[in-house]
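Notes follow the structure.
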C-alpha cells in the first residue's frame, strides 16, 4: 500500500467514526453531514495525490481499484482483502470436490469472517498480546517439520500454490495472535468441576450409544439481536428452505456454505469428530441415537435456527497402558547448590545404595522431593506423559532393578530405579481424563461463540455499498 493511500485510509476511518471532531466544523459551528465527510475525504485524497505525484500512473490506478468496503472500529476492510479470502475459500471448496456457491454467497460469509478477525486483532492490540518474530519463526518451522519438509522445500510448495511466503507468514502471525487472545479471554475462564465429570461418565455408562465419537455437521440461520417478529419469521423461513434443499438430496456442505451464518460455514459446517459432551448441548441429545447421515429438523435457540446431521460414528475400545513403577532421589539446584555439587552428592548416594544401604532410607533422608521422599522416593505406577520428558526418557530406558546415573531435568538432578513394569487397563482413567477434556472443549466452544457474538454486537461496524 502506498504512503498516500495509507493516509487516506486512516483519515477516512477517523472521519467515519468521529465526524463531529473535525476542527473546521467546530470552528464554523457547522454540524457535519455524511456528504461533507465524503467531500472532505475527496479533498484529502486529492491533496495526497498531489503530494504523491512522483508515484507512477500504474500504481495510482491500482490504488483506485481497491476500495474500503467496511469500517470496523478503528480499522477498515478493503475490497482486495475480501477478494483474496473469497478466492481462497473457492479454491478450498473445489479441492474437496464440491462446486463453490455464487460469489455473493462467499462474499457474505467472507465479510463476516473478516469483521470478526478485525475486531479481535484490535482487541489483542489493546490488551497487549503480541507475537514475536522468534515465536513466529518457530511456529513456521514446526509446520514445515510436521510435514517432513525442509524450510526451502516448504517455501517452494507455497510458491507453487500461489501463496506468497510473506502473506503466509502474516496469516500465521494472525492465527497465533487470535489463538492467544481466545486463550486469555475465553479458555482460561472455563472450569470443569468433578461433579460434571461424574455426571458425564454416569450418562455415558447409561447406554452403549454414548460410547465413542460422533462426526457432526451444522447449519445456523442466525437471529439478529433485538430482532423483530418479522425478522424472526424470515429467519425461520430461511431455515426451512435450507432443510428442504437437504431433504431434496443437495449435499450438506453445499447448503452450509451457501446459507449458514455460523463461523464454520466456509468449512461446510463441519464440527469434526467429537465426544457427545463436546457437541453443543443444544443438539447433543438430538444426534445421540441418530443413524449416520440422518438429519435433524429445524432446532430453535435464542441465537437462531439450527440444522444438524450425523455424518459419522465410531466406537471406543479398551485402552491398555504401559506403566512403570519407579522411585527416585532428587537434589534441587534452584538455590545455592551448583550442578557439580549435586552430581557429586548423587554419586555418593548411589555408591552407598549399591553398597547395601536401603534406597528408601537414603531417599527419606536426602531427597529434595519431599512428597515422594516420605514414601522412600516411591513414585508409584507412572503412565507415559505423566513425567517431564527428560525423566521419562531415563525411566523408559533403564533396566529393572538398576540404578541410573545422575541426570538432569527442570527440577534438578536425579537418580532413579525402575522396580517393575506392567500393561495396565487404563480405560477408566483415560475415560475420566477424556471426559474432563471433552466437557472443557464443549464449554470453551460455547463460550467462544457467545464471546464472538457479543464482540460483534458491541463493535462499531459500517458496511459500505457500491454507491459509497
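No value in this document is a laboratory result; all are computed from the given coordinates. Note that the structure is predicted; figures quoted are calculated from it, not measured. All Cβ positions, glycine included, derive from the backbone under ideal geometry; neighbour counts span all protein chains shown.
Can you check what the Kirkwood hydrodynamic radius comes to for region 204-316, Cα pairs only, in Å to one decimal?
When all Cα pairs of region 204-316 are included, the Kirkwood radius is 14.4 Å.
For region 67-146, max minus min Cα coordinate along each principal axis, in Å, sorted largest first?
The Cα atoms of region 67-146 stretch 40, 37, 17 Å along their principal axes.
Estimate the FRET efficiency between residue 230 and residue 125 by the formula 1/(1 + (r/R0)^6), using the beta-carbon distance for r and 45 Å for R0, to the nearest 0.05.
With R0 = 45 Å, the Cβ-Cβ based efficiency is 0.70.
At what distance in nm do the modelled label points of residue 388 and residue 247 sit from each other, each positioned 7 Å from its Cα along Cα→Cβ?
6.2
For region 240-274 and region 116-194, what is the centre-to-centre distance using only Cα atoms, to the nearest Å?
When both Cα centres are located, 27 Å separates them.
Spin-label point model (7 Å from Cα, Cβ direction): what's the residue 405 to residue 301 distance in nm?
So the two model labels end up 5.8 nm from each other.
Per residue, how much space in cubic angstrom lies within the convex hull of the C-alpha atoms of region 320-424? Provide the component values of the computation, followed by the final result.
Numbers: hull volume 9.5 nm³, N = 105.
Dividing the Cα hull volume of region 320-424 by its residues yields 90 Å³.
Run the numbers on region 341-405 and let me know its relative contact order in percent, using alpha-carbon pairs under 8 Å that are six or more apart.
21
Run the numbers on region 159-281 and let me know its relative contact order in percent, using alpha-carbon pairs under 8 Å that are six or more apart.
26
For the pair residue 92 and residue 184, how long in nm is the line joining their label points, each one 7 Å along Cα→Cβ?
That separation, rounded to one decimal, is 2.5 nm.
Distance from the Cα centre of region 412-468 to that of region 282-329, in angstrom?
After rounding, the separation between the Cα centres reads 15 Å.
First measure r as the distance between the Cβ atoms of residue 170 and residue 108, then evaluate 1/(1 + (r/R0)^6) with R0 = 30 Å and state the FRET efficiency to the nearest 0.05. Write out the running numbers ahead of the final one.
Working: r = 24 Å, r/R0 = 0.81.
FRET efficiency, residue 170 to residue 108: 0.75.
With Kirkwood's inverse mean 1/r over C-alpha pairs for Rh, give me the Rg to Rh ratio of region 160-230, two decimals please.
Working: Rg = 20.7 Å, Rh = 17.8 Å.
With Rh from the inverse mean 1/r over Cα pairs, Rg/Rh is 1.16.
Could you order peptides 455-462, 263-270 by the average number of other Cβ atoms within 10 Å of their residues, highest first?
263-270, 455-462
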